[in-house]
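Worksheet: the structure to be examined is printed underneath.
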Amino acid sequence: LIEKRVVLSIATKLQIVERSEKGKSIAKLSSEFNIGNQTVRNIIRKKDELYKFVTSSDTFNGMSARKTTKGSKFDDMDRAVFEWFKQKRAEGCPVSGPLLFKKAKWFHCEMKIPEPFAASQGWLQCFKSRHGIRQLDIQGEKLSSDSDAAALYVMEFKRLVKAHDLSPDQLYNDDETGLYWKVLPSKTLVSKEEKSAPGHKSSKERITVLACANANGSHKLKLVCIGKSKNPRSFKRTQMRNFPVLYYNQTKAWMNREIFKDWFFKHFVPAVRDHLNLPQRAVLLLDNAPSHPIENVLKTSDDQIFVAYLPPNVTALKQPMDQGVLEAFKCRYRKSLLHSVLEEDGDVREFYKKWTIKDAIFSCSESWDDMPNLTFRNVENVNDFESQEITAASLLEEIQNVNGFEDVDRENIEEWLLSDNDQPGYQMKDDDTLAVEAKSSAELPEESDDDAVEDKPSEKKVSIAEALNCAETLLDFLEQEADSNFSDILTLRKLRTSIKLKRCKNTKQHLLSDFVKKTS
């Protein structure tokens, strides 16, 4: 008898990969799934290809029926339509079957694909199957109103919490946002001069910031900052292990799936496990941004730390970071920015020249650390108590007599505080860009980056003697001031001791080296 050939679904293949990674033998997997040993080996060998394919799908659910990673014969058009669909989903916009047909036809025409294309129900079903899309049919769909969808999600969320026995300490949420780290109020003298200068570069230099915390505010993870340059000039001589944030680079400073996956497994999971006592179980709530991989990819091997996605049309209502937390963080950052100007004796031009991405990152970290736990526990009232602390009127009062800020008024401050609130942290592409990028698999050329490290002779390294001298000078200054904080003096004394120990260690190494040379 000829045995019937077994064709496994992608979901089943992933189960085989996961069980293999947990230590199950090839022989046992072969017996359990009724396939040959070599077939098991082939599946395990192609695990990266499987995970890459699943990561690009809308949900994991479609993988239970799909049996191959083979794409559409209109691969380029399919890629463009799916990217467009993901962006619309992230925006919370309803996408019906007829609308999808119309957009597919537009991409087919715009991309000048010679083969004829029929936008049929069969194509729609295949498109949905390829990408695991649910809740979309030929008649069209309409998303329920935000309030109705939010009420339904509350019920689903309660079931999730009960099923996994989760406490507020185990409920995490993160979100990304773009931050214009160098922008000042538009009516400052430096901003006016910048706009009038020929060939000026916009001050809206952007980084993406990812913020993550649990529901009771007891665990705020390190911020993630994404810049364009891998090695900004201002990072020279900086030990990255001492950096207050996690820094990544991407050609346009956007969050993408690769960076998010790296952060989840290398930083989020270990940080959560360090924070939690037993049981070490947690869920990370995410929105439907195109930069987020699917649920099945973002989970630990024991399934104890995993992600859950918020429905696209309730994110703004139910995601804590979207309910004022990130806005409060940005207000604190901008207050810190103004204080840094004042520390330069109000010399705005000089400050603006000196302020680097490194300064901005340290300021971001301080602003995040300063946010009280109450901000996270009462997200529905964040704007109420945060606005009492940082107001346009209070900021205006601080800068009224500063040179360069004479024309700044309350309305200008309010506009400045909200200047980048619409920056999502991931790239939103227009239809023309989607078509061009889908047609060409080659990477787009990297943008120029004025802040990148240049091939210049390395700057002078600060010596131990110079560092010790500066520490002692600063310590003398603090100890002679009546209003100095004792903890600051104590911290500086510890730092001075650390520098002295480093000096002793270097001296011993030099003496040992000299002794070896003399005796050799």
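The values are calculated or read from the model by the stated rules, or taken from the named source; none is laboratory data. This one's a predicted model, so the numbers in the text were calculated from it and none came from an experiment. Here the Cβ positions follow ideal geometry from the backbone for every residue, glycine too, while neighbour counts run over all protein chains shown. Calculation scope for accessible area: heavy atoms of the full protein, side chains included, ligands and nucleic acids excluded. Shrake-Rupley method; radii C 1.70, N 1.55, O 1.52, S 1.80 Å.
Before moving on, here are some points about what is shown:
- Cα-Cα over 29 Å, subset of K335/K429; K13/K86; K22/K261: K335/K429
- HN-Hα J in Hz across the range 263-275 - Karplus 6.51, -1.76, 1.60, θ = phi - 60°, x for Gly and Pro: 4, 4, 7, 8, 10, 4, 4, x, 5, 5, 5, 5, 7
- With the simple spin-label model, which puts each label point 7 Å out from Cα in the Cβ direction, the D407 to D165 separation comes to 6.5 nm.
- Length gained on full extension, K502 to N485: 3.5 nm, using 0.36 nm per residue less the C-alpha separation.
- Couplings 3J(HN,Hα) of the range 329-338, computed from phi: 4, 5, 5, 5, 4, 6, 5, 4, 4, 5 Hz, in residue order, whole Hz [Karplus 6.51 cos²θ - 1.76 cosθ + 1.60, θ = phi - 60°; x for Gly and Pro].
- Label sites at S394 and N277, each approximated as a point 7 angstrom past Cα along Cα to Cβ, lie 3.6 nm apart.
- Unsatisfied cross-links (Cα-Cα over 29 Å) in the set K46/K266; K236/K517; K88/K158; K46/K222; K228/K500; K228/K505: K236/K517; K46/K222; K228/K500; K228/K505
- Stretched out straight at 0.36 nm per residue, the stretch from C93 to E344 would grow longer than its current Cα-Cα span by 85.7 nm.
- Among H164, H219, the order of accessible area from largest down is H164, H219, computed with a 1.4 Å probe on protein heavy atoms.
- In this structure E32 has an accessible area near 90 Å², from a 1.4 Å probe over the protein heavy atoms.
- Gain on full stretching of the segment that runs from N469 to F362 - 0.36 nm per residue minus C-alpha separation: 36.1 nm
- Close amide H contacts of D175 (hydrogens built in the peptide plane, cut-off under 5 Å, sequence separation of 5 or more or a different chain): A211.
- Karplus 3J(HN,Hα) series, Hz, for the range 473-485 with 6.51 cos²θ - 1.76 cosθ + 1.60 (x for Gly, Pro): 5, 5, 5, 4, 5, 5, 6, 8, 8, 5, 9, 5, 8
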